[in-house]
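Student: Just dropping this structure here.
The values are calculated or read from the model by the stated rules, or taken from the named source; none is laboratory data. Remember, it's a predicted structure, so these values are computed and weren't measured experimentally. Note that we place each Cβ from the backbone using ideal geometry, even for glycine, and neighbour counts take in every protein chain shown. Protein only, heavy atoms only, side chains kept; ligands, DNA and RNA dropped before computing areas. Shrake-Rupley method; radii C 1.70, N 1.55, O 1.52, S 1.80 Å.
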Amino acid sequence: MFARSPSSTLAIEAEGLSKRFGNVQALQGFSLSLRPGEALGLIGTNGAGKSTALKLLQGLRVPDSGRAAIFGQPAGSSGAKSCVGITPQNADFPEQMTPREMLSYAAAHFQTPKPMTELIEAFGLNRIIDRRMGGFSGGESRRVALALAFVGNPLLVFLDEPTSGLDTDGQEMFQAYARAYADAGGSLLLTSHHWDEIEQICDRIVMIDQGKQILEGALDDIRRRAGRSRVSFAMAEDTDLPAWLIEGFTFDSGRWHAIAADSDALVRRLIRDLPRCRDLQITPLDLKETVAQLRKELAA
């Protein structure tokens, strides 16, 4: 189903990448390694340096300093390009072409392209595969762009905001396909503002802020570093609440919530001071909350 990467070579090996545009240091000392079969999420706010990092890794821009290699080949070289599939943030397609024509044209440039039937099914192209793309919605164009990233059966895929404009069904189809691609040995680097998408697909994250790496690690390791859990419960509206709870908890959607370093101690205190509380739950923080917590600690 998927191409398999050489197990002895890193899919991406970048060291000390820096890039300046005029007076703006867009990226500084960026280093990254990506193994075959690994999915990595590159996260950060708008303007943090993610797009610059992607362009340097893809060989679309030349760094001021540092180096980047794709399966041992210099980024941007013909050897590197032959291994890679790309979905940019924005894709403009010829209005008179159909997705079938576009995919067939792209597939002709590769030795072992994906079967058309697989791409049609994986990205939900059945209804639009033979329509002219001039009238496509943003979501329909996005489905075609995603299929194009995988059409050459690449060893590595770069995905920049891959599900922008997609409906829920399209997002779920992409996430399932991307995860299966990595599980089968493909390497994947994606940026996304959808934190749940990062959690569904990626094994590891790298966070950039103002052009610098500030956080890196496997998702499970990052959660352990944060060392926090969410404690929540429900309570009858006429209950008198102690001051410590009002100060430490927030109220949302009929429940009280707090983020705790020692959830066991907090639960014992709740049971002692609020014996009538109900539906008490302890859950892990989601990725967005975890990263926010770690950033607070880094800034302290």
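Student: Just to check your reading of the model, which residue among Ser77, Ser65 is open to solvent by less than 50 Å² (accessible area, probe 1.4 Å), farther than 28 Å from Met173 by Cα and not charged (D, E, K, R)?
Tutor: After applying the criteria, what remains is Ser77.
Student: For the condition closer than 15 Å to Ile214 by Cα and buried (at least 19 other Cβ atoms within 10 Å of the Cβ), what is the one hit in Gly41, Gly29, Gly85, Gly47?
Tutor: Exactly one of Gly41, Gly29, Gly85, Gly47 is closer than 15 Å to Ile214 by Cα and buried (at least 19 other Cβ atoms within 10 Å of the Cβ), namely Gly41.
Student: Only one of these conditions is not met by His109: (1) at pLDDT 95 or above; (2) of a type outside the set (Gly, Ala, Ser); (3) within 21 Å of Met133 (Cβ to Cβ); (4) in a loop (DSSP other than H, G, I, E, B). Which number is it?
Tutor: Looking at each condition in turn, His109 falls short on (1).
Student: Also, I was wondering about something else. Can you go through Ala184, Ala176 and tell me which one is farther than 18 Å from Glu13 by Cα, out of contact with any strand residue (DSSP E or B) (no Cβ under 8 Å at 6 or more places or on another chain), without any contact (Cβ under 8 Å) to a residue 12 or more places away in the chain and open to solvent by 10 Å² or more (accessible area, probe 1.4 Å)?
Tutor: One residue alone meets the criteria, Ala176.
Student: Here is a further query. Go through (1) more than 25 Å from the chain's Cα centre (by Cα); (2) assigned to a loop (DSSP other than H, G, I, E, B) for Lys114 and report which single condition fails.
Tutor: Tallying (1) more than 25 Å from the chain's Cα centre (by Cα); (2) assigned to a loop (DSSP other than H, G, I, E, B), Lys114 fails exactly one: (1).
Here is a yes/no grid of residues against (1) open to solvent by 20 Å² or more (accessible area, probe 1.4 Å); (2) more than 27 Å from Phe71 (Cα to Cα); (3) in contact with a Ser or Thr (Cβ under 7 Å, 6 or more places away or on another chain):
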{"position": "Glu101", "(1), (2), (3)": "yes, yes, no"}
{"position": "Gly135", "(1), (2), (3)": "yes, yes, no"}
{"position": "Gly138", "(1), (2), (3)": "yes, yes, no"}
{"position": "Ala147", "(1), (2), (3)": "no, no, no"}
{"position": "Leu159", "(1), (2), (3)": "no, no, yes"}
{"position": "Asp167", "(1), (2), (3)": "yes, yes, no"}
{"position": "Ala180", "(1), (2), (3)": "yes, no, no"}
{"position": "Leu188", "(1), (2), (3)": "no, no, no"}
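Student: Out of Thr283, Thr239, report the one residue that is among the hydroxyl-bearing types (Ser, Thr, Tyr), more than 30 Å from the chain's Cα centre (by Cα) and not in a helix (DSSP H, G or I).
Tutor: Testing whether each residue is among the hydroxyl-bearing types (Ser, Thr, Tyr), more than 30 Å from the chain's Cα centre (by Cα) and not in a helix (DSSP H, G or I) leaves just Thr239.
Student: Going by the conditions given, is Asp92 within 26 Å of Thr191 (Cα to Cα), open to solvent by 30 Å² or more (accessible area, probe 1.4 Å) and either assigned to a helix (DSSP H, G or I) or without any contact (Cβ under 8 Å) to a residue 40 or more places away in the chain (or both)?
Tutor: Spelling it out, Asp92 is indeed within 26 Å of Thr191 (Cα to Cα), open to solvent by 30 Å² or more (accessible area, probe 1.4 Å) and either assigned to a helix (DSSP H, G or I) or without any contact (Cβ under 8 Å) to a residue 40 or more places away in the chain (or both).
Student: Starting from region 120-148, keep only residues that are closer than 17 Å to Gly85 by Cβ, then list their pairs with residues that are open to solvent by 10 Å² or more (accessible area, probe 1.4 Å) and among the basic types (Lys, Arg) whose Cβ atoms are within a distance under 8 Å, requiring at least 6 positions of separation or different chains.
Tutor: Sorted first by the residue in region 120-148, then by its partner, the pairs are Phe123/Arg143; Leu125/Arg143.
Student: Lys19: touching a Pro at 6+ places or on another chain (Cβ under 8 Å), open to solvent by 10 Å² or more (accessible area, probe 1.4 Å) and within 12 Å of Gly211 (Cα to Cα), yes or no?
Tutor: Spelling it out, Lys19 is indeed touching a Pro at 6+ places or on another chain (Cβ under 8 Å), open to solvent by 10 Å² or more (accessible area, probe 1.4 Å) and within 12 Å of Gly211 (Cα to Cα).
Student: In the set Gln213, Gln200, Gln171, which member is over 22 Å from Ile120 (Cβ atoms), open to solvent by 10 Å² or more (accessible area, probe 1.4 Å) and in a helix (DSSP H, G or I)?
Tutor: None of the others qualify; the one that does is Gln200.
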